[in-house]
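Beneath this line is the structure, given in structure tokens, with notes to follow.
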Amino acid sequence: MADCSKTEKVELHVPKLEELCEVLQDGLKKNFADSKVSVVDCPDLSQDPFRFPVKGLCGKPRITDVGGVPYLVPLVQRDKVYNMNTVAKEVELPGAFILGAGAVSSKAVGMNAELMPLVLTETEEKPAVNGSYFASINPADGKCLQEKYNDKCSDCDFGLLANLYACEGKPGKVIEVRANRRTGGDSLVTCLRKAMETHYSDKSLALGGTFVIQKGQAKIHIMPREFSACPLNTNEDVNKWLEHFNVSAPLICQSVLVSRDPGLDLRVEHTHCFSHHGEGGHYYIDTTPDTVEYVGYFLPAEFVYRVDRPQTTHVIGRD
């Protein structure tokens, strides 16, 4: 396992939910023809379309950035393997529910792939419940192949990098975001992040949660099954290596976004999506702005934890 002994912790700014709703609403108005942000009771996330292993997003919310893109490019560092149960302890919340975006452990899965983690981590009384999905390139036809993680593996490992939201998985009040018909150039996630960055220019805030693309299509990428043997030294190199797809709603997305990096070399936004029709991967933006419909549920995180920060860093491949 990779070294998690040097975890860094920073307290984040947490505004009142009603105040944050107004800030996010102002941002969405600039990017969507129709939008509404409000405080609601979190829907039961164990039900369709989510099917998470917990009911809610509430209870001691926090985010963590584990590893990083520098462990993938320019050349992969295969020894960077982590475990969700260990991460829960590193973020001081054993037994946490964890969702987000990351990469599989190639040692566990036998290849490289996109990970959509949904893990209720272990406690002394109960084993972990792993509801994660992963997406790879199908060698038979070159298309997207999404699989349930526990159909292939019995562990809670992941590799290289992940941006994760952790909480107690309880019901409670959350921020509901509804947005239809995109008129601007930013994705839903980027729009929310920029709204916080602009309004809270001298503070660091973070949101974690899930949203559903109810109608329309989206651009995603999936990493090849084999790591690049040649160094990927530029964003152009990375984009040529990645496989890009257009996938269809309904898509369940899980996202972590940070308004401003408080000096931890964070990836400021990262979103992966899965579906119940076999498509999933790293989400960029919808490709049907005239018809797209979003609904999402988020909470501001109280802390950010930086686990195994790369000592040698760069900004390549963080789109």
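Can you say whether residue 92 is in a loop (DSSP other than H, G, I, E, B) and on the phi > 0 side of the Ramachandran plot, as far as the supplied structure shows? Against the criterion (in a loop (DSSP other than H, G, I, E, B) and on the phi > 0 side of the Ramachandran plot), residue 92 qualifies. Condition (residue is out of contact with any Lys or Arg (no Cβ under 7 Å at 6 or more places or on another chain), surrounded by 15 or more Cβ atoms within 10 Å (Cβ to Cβ) and either of a type in the set (D, E, K, R) or assigned to a loop (DSSP other than H, G, I, E, B) (or both)) applied to the stretch 281-290: is it met by at least one residue? Within the stretch 281-290 (the criterion being out of contact with any Lys or Arg (no Cβ under 7 Å at 6 or more places or on another chain), surrounded by 15 or more Cβ atoms within 10 Å (Cβ to Cβ) and either of a type in the set (D, E, K, R) or assigned to a loop (DSSP other than H, G, I, E, B) (or both)), the answer is yes, since at least one residue qualifies.
Taking (1) under 26 Å from residue 317 (Cα atoms); (2) over 17 Å from the mean Cα position of the chain (by Cα); (3) of a type in the set (A, V, I, L, M) in turn, residue 164 satisfies each apart from (2). All of (1) surrounded by fewer than 14 Cβ atoms within 10 Å (Cβ to Cβ); (2) closer than 30 Å to residue 180 by Cβ hold for residue 58 with one exception: (1).
Got a number for residues in the stretch 146-161 being in a loop (DSSP other than H, G, I, E, B) and among the basic types (Lys, Arg)? Count: 1.
When 89, 55, 29, 36 are checked against the criterion of being within 20 Å of residue 116 (Cβ to Cβ) and of a type in the set (Lys, Arg), 55 stands alone in meeting it. Only residues that are among the aliphatic types (A, V, I, L, M) and surrounded by fewer than 22 Cβ atoms within 10 Å (Cβ to Cβ) were counted across the stretch 110-129, and they come to 3.
Only one of these is touching a strand residue (DSSP E or B) at 6+ places or on another chain (Cβ under 8 Å), farther than 20 Å from residue 300 by Cα, of a type outside the set (Gly, Ala, Ser) and not in a helix (DSSP H, G or I): 65, 48, 34, 79. Name it.
34
Criterion applied to 132, 105 was being crowded, with 23+ Cβ neighbours inside 10 Å, among the polar types (S, T, N, Q) and either closer than 20 Å to residue 278 by Cβ or over 19 Å from the mean Cα position of the chain (by Cα) (or both), and the one residue passing it is 132. Taking the stretch 226-236 as the range and being within 14 Å of residue 76 (Cβ to Cβ) and either loosely packed, with under 13 Cβ neighbours inside 10 Å or without any contact (Cβ under 8 Å) to a residue 60 or more places away in the chain (or both) as the test, the residues that pass are 226, 229, 230, 231.
No lab work stands behind these numbers, since they all come straight from the coordinates. Source: prediction; values computed, not measured. Don't worry about glycine lacking a Cβ; one is built from the backbone with ideal geometry, like all the others, and counts go over all protein chains shown.
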